[in-house]
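Heads up, the thing below is written out as structure tokens.
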Amino acid sequence: MYKILSKITLVPTLHEFVIEAPRVAKRCKAGQFIILRIHEEGERIPLTIADFDREKGTITIVFQEVGKSTKQLATLNAGDSMLDFVGPLGEASHIDNYGTVVCVAGGVGIAPVFPIARALKEAGNEVIGIMGCRCKDLIFWEDRMKDACTELRVTTDDGSYVCKGFVTDKLLDLINERGKENIAEVIAIGPVPMMRAVANLTREYGIKTIVSLNSTMVDGTGMCGCCRVTVGGEVKFACVDGPEFDAHAVDFEEMMRRGRIYKEEEQKSLEKYTNKSCTCSCGCGGAK
Ligand SMILES: Cc1cc2nc3c(=O)[nH]c(=O)nc-3n(C[C@H](O)[C@H](O)[C@H](O)COP(=O)(O)OP(=O)(O)OC[C@H]3O[C@@H](n4cnc5c(N)ncnc54)[C@H](O)[C@@H]3O)c2cc1C
Ligand code: FES
């Protein structure tokens, strides 16, 4: 069993858990993820390793409540435990001294970008962070990002905090200020449409860009084929070949289509869970 040591609700429906998982903490690197299961009949939930402490043997995850399983996860508190916490999974980020790197984070993507930005800064890069959310109330981990980056630019879609606009607007400003030849690489993590927009922008300027794909996963071992994505015309599995890929080669349209495949089942599962038709004491909320 994997114990939750602390829980912080960062913004409504977005939570940070610190979990006791010494074996994962010992081996994990920036860019990797875990798959957890709350109880024996629970769905597997892939989540990025947002932070880790090797000495304390802890892993930090940040997750958004979107459907049945993440809503159920949000009902757990410090002191509760979960059944499985498997990882580290996926290929780690490529960390080297590239020069100037721009880390672009959208919404919940701030959490996975943080350890990558920190590792790149530790490797001697100038790391310019751009983080954006829909509005002020959804901004989190600004201080952590400030520490992890050499410079941080913040934006909100509605202008309720710092600057109105999208992360792509800030990225374009930066390209114009610095010159495309002075940006070695862009790393973008966030909602798929945001990653696609960043990819379309940097393609125009020929700036190498990496995205982390959150395709739907089941086993996380390359066996089930659920996380299949097309990259450069080739079939890849996000769980073992990724989650990071060359943004300019990813077929985002296909990824979005595949992301909608289980919409009906997910909706039914959420409704069943919300109606709490089950009165057993297993904590499934009727949604097993
Ligand atoms: C490698 C990886 C890392 C991830 N890291 C994080 C993270 O750090 N924080 C976080 O909040 N989420 C992360 N996700 C997404 C997270 O796994 C899903 O939000 C979660 O599995 C949804 O489960 P659910 O049962 O609550 O929702 P469901 O009922 O399964 O789905 C509800 C909604 O979420 C969408 N959804 C379902 N699965 C995914 C998915 N895998 N990715 C994106 N959207 C999905 C569906 O299209 C649907 O609209 C990651 C996904 C992957 C593959
Ligand atoms: S999740 Fe099954 S192959 Fe990737």
Area projected by the alpha carbon convex hull of the chain, averaged over all directions, nm²:
14.8 nm²
Simple label model, 7 Å out from Cα along Cβ direction - Thr274 to Thr100, nm:
4.7 nm
About its Cα centre, how strong a charge dipole does the range 2-89 have in debye, to the nearest 20, once Lys and Arg get +1 and Asp and Glu get -1 at the Cβ?
260 debye
Among the aspartates and glutamates, which fall within straight-line cross-link reach of Lys68, defined as a Cα-Cα distance under 17 Å, with same-chain neighbours fewer than 8 residues apart omitted?
Glu40, Glu41, Glu43, Glu264, Glu265, Glu266, Glu271
Starting from the Cα of Lys170, draw a straight line to each of the aspartates and glutamates and keep only those under 12 Å, dropping any in the same chain fewer than 8 residues away.
Asp157
For n ≥ 4 DSSP H runs only, could you compute -39500 (n - 2.57) per run for the chain, divide by its residues and tell me the 222 nm figure to the nearest 500?
-8000 deg cm²/dmol
Just to confirm, what accessible area per residue do you get for the chain at 1.4 Å probe, in whole Å²?
48 Å²
Select from Lys29, Lys56, Lys146 the residue whose mean-square fluctuation is largest in a Gaussian network model of the chain (Cα-Cα springs shorter than 10 Å).
Lys56
Would you mind getting me the FRET efficiency between Tyr205 and Lys7? Use the beta-carbon distance for r and R0 = 30 Å, nearest 0.05.
0.10
Using the Cα gyration tensor of the range 50-202, the equivalent ellipsoid's semi-axes, largest first and to the nearest Å, work out to 28, 20, 13
Report, largest value first, the span of the C-alpha coordinates of the range 43-121 along each principal axis, in whole Å.
43, 30, 21
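If you average the sequence gap of Cα pairs under 8 Å that are 6 or more apart and divide by the length of the chain, what percent do you get for the contact order?
Numbers: 612 pairs, mean separation 43.2, N = 288.
Here the relative contact order equals 15 percent.
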Considering only DSSP beta bridges where both residues belong to the range 100-259, give the percentage that are antiparallel (nearest 5).
25 percent
So for the pair Val66, Glu151, with labels modelled 7 Å out along Cα→Cβ, what separation do we get in nm?
3.2 nm
Given springs between every Cα pair under 10 Å in a Gaussian network model of the chain, which of Val154, Val235, Val62 has the largest fluctuation?
Val235
With the dipole of the range 2-89 defined by +1 on each Lys or Arg Cβ and -1 on each Asp or Glu Cβ, the option from Thr58, Ala74, Ser6 whose Cα lies farthest towards the positive pole is Thr58
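In this model, which of Lys121/Lys263; Lys164/Lys272; Lys26/Lys208; Lys7/Lys146; Lys164/Lys208 are farther than 29 Å apart at the alpha-carbon? It would help to have the intermediate numbers written out before the result.
Details: Lys121/Lys263 39 Å; Lys164/Lys272 39 Å; Lys26/Lys208 31 Å; Lys7/Lys146 22 Å; Lys164/Lys208 26 Å.
Table pairs above 29 Å Cα-Cα are Lys121/Lys263; Lys164/Lys272; Lys26/Lys208.
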How much of the accessible area of the chain, in percent, comes from carbon and sulfur atoms when a 1.4 Å probe is used?
48 percent
Mind pulling the per residue volume of the convex hull built on the Cα atoms of the range 2-89? Å³ is fine.
82 Å³
Fraction of antiparallel bridges per DSSP, the chain only, in percent to nearest 5
60 percent
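The values are calculated or read from the model by the stated rules, or taken from the named source; none is laboratory data. Keep in mind that what you see is a predicted model, and the values were worked out from it rather than measured. Please note: Cβ atoms are built from the backbone with ideal geometry, for glycine as well, and neighbour counts cover all protein chains shown. For the accessible areas, the whole protein counts, side chains as well, though only heavy atoms, and no ligand, DNA or RNA atoms are used. Shrake-Rupley method; radii C 1.70, N 1.55, O 1.52, S 1.80 Å.
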